[in-house]
Amino acid sequence: MTSFTTVPALLALMQPSSSNGAIQQVFMFGMIFVIFYFFMILPQQKQRKEHEKRVNEVKRGDEVVTTGGLVGEVMHIKESMRDGASVKSPTDRITIKSADARIVIERASIARVVPVGTAAADKTT
């Protein structure tokens, strides 16, 4: 355990000397980048990938919330065609039913997907 008399001595040891000051500064900035990467960038990338997966797996009957705040049930999905095969893309047209209206949206405008049978989907019906 350190006493209060040794604290100034420890602080003096932490002062950069003229020979290794640049190395310590580069190390400090590198550690800040590593901390930002693991606590901000990596979780955001994981969350984005999970969201893209949920949006690409949307199917008829799922409840979706759009980026504009519309809540509706997926009625029809019109996927893009490429080389004769259907391909899921952000520009796919999805028809949702909200109250008595049917609205056509793009797949990229889905903010959240609530699968059929979950508690949040059951509360709205």
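Restricting attention to the stretch 75-125, the residues being under 23 Å from Gln47 (Cβ atoms), of a type outside the set (Lys, Arg) and at pLDDT 85 or above number 10. Reported count of residues in the stretch 91-118, each being free of Cβ contacts under 8 Å to residues at least 24 places away in the same chain and not small (Gly, Ala, Ser), is 8.
Note on the stretch 72-109: among residues that are closer than 17 Å to His51 by Cβ and assigned to a strand (DSSP E or B), the one that is nearest to the chain's Cα centre (by Cα) is Glu106.
Yes or no, residue by residue, for (1) modelled with pLDDT under 90; (2) in contact with a strand residue (DSSP E or B) (Cβ under 9 Å, 6 or more places away or on another chain); (3) hydrophobic (A, V, I, L, M, F, W, C); (4) in a loop (DSSP other than H, G, I, E, B):
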position: Pro16; (1), (2), (3), (4): yes, no, no, yes
position: Ser19; (1), (2), (3), (4): yes, no, no, yes
position: Gln45; (1), (2), (3), (4): no, no, no, no
position: Arg48; (1), (2), (3), (4): no, no, no, no
position: His51; (1), (2), (3), (4): no, yes, no, no
position: Gly69; (1), (2), (3), (4): no, yes, no, yes
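The values are calculated or read from the model by the stated rules, or taken from the named source; none is laboratory data. These figures come from a predicted structure and were not determined experimentally. Cβ atoms come from the backbone with ideal geometry, glycine included; neighbour counts cover every protein chain shown.
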